[in-house]
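Here the structure comes first, spelled out in C-alpha cells, and everything after it is commentary.
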Amino acid sequence: MTALRILQPGPQTSVQDRGRIGFQAFGVPVCGVLDAVALRLANALVGNPATAAALEMRLSGPSFIAEGGAVRIALAGATARIDVSHDGETRAFPGWRAIEVPEGASVRIGALGGSGCAILAIAGGIMTPLVMGSRSTDLKGRFGGIEGRALAAGDEVPIDASDLSGPCLELPRPPASVFSATLRVVMGPQAEAFTEAGRETFLSSPYRVSREADRMGMRLEGPALGFVKSADIVSDGIATGSIQVPGSGLPIMLLADHQTIGGYAKIATVISADLPAAGRLLPGAEIRFAAVSVAEAEQARRELESEMARLIASLVPVREGARVDMDALWRANLVSGVVSALETE
Amino acid sequence: MENAGANKTGEGGKRAIGTLCRFLPVGDTAFAVEFGNAISPDINALVHRAAALLATAPPEGLVETVPTFRSLLVHYDPCRTSAQALQAAIAELDLGETGVVTPPRTWRLPVLYGGDAGPDLDEVARATGLSTAEVVALHAGTTYRVYVQGFLPGFAYLGDLPARLDLPRLTTPRVRVPPGSVAIAQRMTGVYPIESPGGWRLIGNTPIRFFDPASAPPTLFAPGDGVRFVPVEAIEHERIRAAVTRGEYAPECEATP
C-alpha cells in the first residue's frame with residue numbers, strides 16, 4: 001500500500017476533507033478544511049474529485065517519505081518551498097502545481113507564506129477510514145483522520161493507488177493570497193441583542209486576530225460591543241462563520257471545528273464566499289466587517305464557485321522548459337556565467 | 001415577522017410552520033426557524049416535529065438541520081436553492097398535532113454521586129440549603145427529557161431539573177471535566193461524554209458511554225427520550241465501568257407502555 005511516512009509533522013497537520021455533513025443534530029461538528037478553495041484547487045491539480053481527503057497544514061508544512069510507490073502531490077492555498085530529495089539530489093518546487101515524487105523520495109514543505117494554512121493533496125486521496133461519511137479529523141472529539149489527532153512523526157498516511165501516467169498540471173495564475181482586510185457578513189441571527197452603538201462599532205472598527213486562534217475559532221481584539229440586556233441567549237445552532245460575542249463584548253469568529261450549538265448572542269455570520277479568507281488569517285491580522293444582504297451573500301458564493309470552476313478549467317501541463325531550476329543553474333555554474341556575459345558587453 | 005408562539009393554530013385547522021415561527025438569517029448557508037424564546041417542552045416539540053418533517057421530505061438544496069431548544073437551524077446549499085425559496089417551502093409545511101408526547105422510552109443511568117465523582121455536590125447542597133442526600137434524591141427522583149444534543153458530540157441537555165436545584169453556572173469554568181461527569185446548571189442536567197472544559201456543577205459520575213463515532217446513530221439518546229439517574233455505590237460503579245470497557249454493558253432502557 002502506498003503511504004506517506006511522516007518524518008516531522010509540522011505545527012499542526014491533519015487529515016481533512018470537505019467536512020462531516022449530516023451529524024450536527026447529534027452534536028458532531030462539521031470540521032473539514034479551513035480553506036475550501038485551496039482544497040478544491042489542490043485536489044484538481046492532482047486529478048482528484050473534490051471530495052477527496054487531503055492534508056491541511058498550519059504555519060509550516062510536514063516532511064515525509066513516499067513509501068510503497070510513487071505519489072503525485074500538489075500544495076495550494078499558500079506559498080511554500082517544497083524540497084523533494086531522491087538519490088542524493090534535492091529539487092525545490094513551488095506550490096500550485098503537481099509534483100511527481102518517486103518511491104523512497106523525501107519531501108519537505110517549508111514555512112507557509114500568504115496564509116496561515118495550506119492544503120497538500122495527493123493523487124488518489126488519503127484513505128483513512130470514513131467516520132460518519134467523512135475523513136476529516138475531529139481534533140476535539142478525537143476521531144477521524146489518524147486516530148482523531150494531528151499527525152505525529154512515524155505516522156503512515158495511506159494513499160489510494162492512482163494512475164500517474166498523465167502530465168503534471170499547474171495553475172498558471174494562482175489566486176492572490178494577499179488577504180483582503182474586509183470580511184463580508186450577514187447581520188444576525190441575534191443582532192438585536194446588541195445596542196445600536198454596538199452594531200455600528202462592529203461594522204466600523206478594525207479588529208485584530210488574537211493569539212487565541214485555532215481551527216475552532218478566532219478571538220478578536222478591538223472595541224467591546226454593548227448588549228441590550230446580556231450576552232446570554234437560549235442556546236441555538238451555530239453555522240461556520242458565526243460571530244458570537246460572550247459577556248466580554250469581544251467577538252469570536254467561529255470556524256470549521258465550532259460547536260454545533262452555543263449560548264452566546266451572535267451578531268453576524270461571515271458569508272461562505274469569505275470563509276476561506278477567514279480561515280487563512282494569522283494572529284495579528286487586522287480585519288474589518290462589512291454587512292451584505294442574504295441574497296448578495298448567496299450571489300457571492302455562486303460567483304466563487306464559478307471562479308473556482310474557471311481556475312480548474314485553466315489548469316495546464318507543467319511547462320518544464322519554461323521553469324527556471326535554480327538549483328540546477330547553481331550546479332552548472334551558469335549563474336556566474338550570466339554575470340560574466342554581462343561583463344563582456 | 002411576528003413571533004406567533006407555540007399555541008396558535010393556523011387557518012383551516014392546519015398548523016403551517018410559517019404561522020408559528022420567524023426566520024432569522026445565519027449567513028448564506030443557514031437560517032434559523034425560531035418557534036419561541038423559552039425552554040419549554042411545547043416549543044421544543046415543535047422544533048423536533050419540524051426537523052422530522054424535513055427529514056422525511058427534504059426540499060431541494062437542504063443540507064441538514066440542527067434542532068435546538070426553541071429553534072431549528074436549517075443548513076442549505078446556496079448553489080442549489082436560496083433562503084427565500086427554502087423558507088417559502090418550509091413555511092407551507094403543516095406540523096399537524098404537536099402536543100407534548102410522553103417519552104417513547106426511558107433510559108436508566110447508574111450514577112455514583114459525590115466525592116471525587118461529584119466534587120461540587122457538597123457546594124450544591126450548601127447553596128440550596130439542602131442535605132447532600134436531598135440533592136441526590138431530587139436529582140435522581142426526576143424523569144428528564146432529552147431537549148437537545150450538542151455542545152459536545154453526545155452531550156444531551158436534559159430537563160427540567162427541579163427548581164430547588166436551580167443554580168447558575170460556575171463563575172470560573174473548569175479547564176478539564178472528566179468524561180462521565182453528571183452535571184447541573186440552572187434548570188438543566190447533563191453528562192459530559194468526553195473530557196472537555198466545562199462550567200456546570202459536577203455532582204456525580206456515570207460509566208455509561210454516550211457517543212460512538214462507529215455507531216449509527218452515533219449517540220445513545222434520541223430527541224424526546226426520557227432519562228432517569230439511579231444512585232449506585234462505588235463498587236457497583238466500578239463493576240459497570242469495567243463491563244462498559246469490555247463492551248459487555250448495555251444501559252437499561254424501558255419502553256413506555
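The values are calculated or read from the model by the stated rules, or taken from the named source; none is laboratory data. Keep in mind the model is a prediction, meaning the values are calculated, not measured. Please note: Cβ atoms are built from the backbone with ideal geometry, for glycine as well, and neighbour counts cover all protein chains shown. The accessibility values were calculated without ligands, DNA or RNA, using every heavy atom of the protein model including side chains. Shrake-Rupley method; radii C 1.70, N 1.55, O 1.52, S 1.80 Å.
Quick notes
- Each Lys or Arg adds one and each Asp or Glu takes one away; over the other residues whose Cβ falls under 11 Å from the Cβ of residue A:68, this sums to -2.
- Counted charge near residue B:240, where neighbours are those whose Cβ lies closer than 13 Å (Asp, Glu -1; Lys, Arg +1): 0
- Shielding of B:149-161 by partner chains, average beta-carbon count, 10 Å: 5
- Residue-wise HN-Hα coupling along region B:202-212, computed from phi with Karplus coefficients 6.51, -1.76, 1.60 (Hz; x: Gly, Pro): 8, 10, x, 9, 10, x, 5, 9, 10, 9, 9
- Accessible area per residue, Å², the protein assembly as shown with all protein chains present, probe 1.4 Å: 42
- Average beta-carbon neighbours from other chains, 10 Å sphere, peptide A:293-299: 6
- Shown is the FRET efficiency for residue B:176 and residue A:212, computed with R0 = 25 Å from the Cβ-Cβ distance and rounded to the nearest 0.05: 0.90.
- For the pair region B:165-228 and region B:33-95, the centres of their Cα atoms are 26 angstrom apart.
- GluC sites (Glu not before Pro) within region A:9-108: DSSP coil, no more than 14 neighbouring Cβ in 10 Å: A:103
- Between residue B:253 and residue A:152, the simple label model (points 7 Å from Cα in the Cβ direction) yields a spacing of 3.4 nm.
- With every protein chain in place, the protein assembly as shown: carbon and sulfur % of accessible area (1.4 Å): 54
- Taking every DSSP helix (H) stretch of at least 4 residues in chain B, weighting each as -39,500 (n - 2.57) and dividing the sum by the residue count yields a mean residue ellipticity at 222 nm of -6500 deg cm²/dmol.
- Once the GluC sites (Glu not before Pro) in DSSP loops with at most 16 neighbouring Cβ atoms within 10 Å are cut out of chain B, the longest remaining piece is B:98-194.
- Cα gyration tensor, region A:208-262 - rounded (a/c under 1.5), prolate or oblate: oblate
- Partner shielding of A:17-26 amounts to 6, given as the average count of beta-carbon atoms from other chains within 10 Å of each residue beta-carbon.
- Based on DSSP H segments of at least four residues, each scored -39500 (n - 2.57), chain A has a per-residue ellipticity at 222 nm of -5000 deg cm²/dmol.
- Taken as Cα centroids, region A:29-104 and region A:219-275 sit 33 Å apart, rounded to the nearest whole angstrom.
- Label point 7 Å beyond Cα of residue B:91 along Cβ direction - residues of region A:180-207 with amide nitrogen under 20 Å: A:187-190
- Cβ-defined net charge surrounding residue A:255, 13 Å radius [Lys, Arg +1; Asp, Glu -1]: -1
- Cα gyration tensor category, rounded, prolate or oblate, for region B:69-119 with a/c compared to 1.5: oblate
- Note: relative contact order over chain A, using C-alpha pairs below 8 Å and six or more positions apart, is 19 percent.
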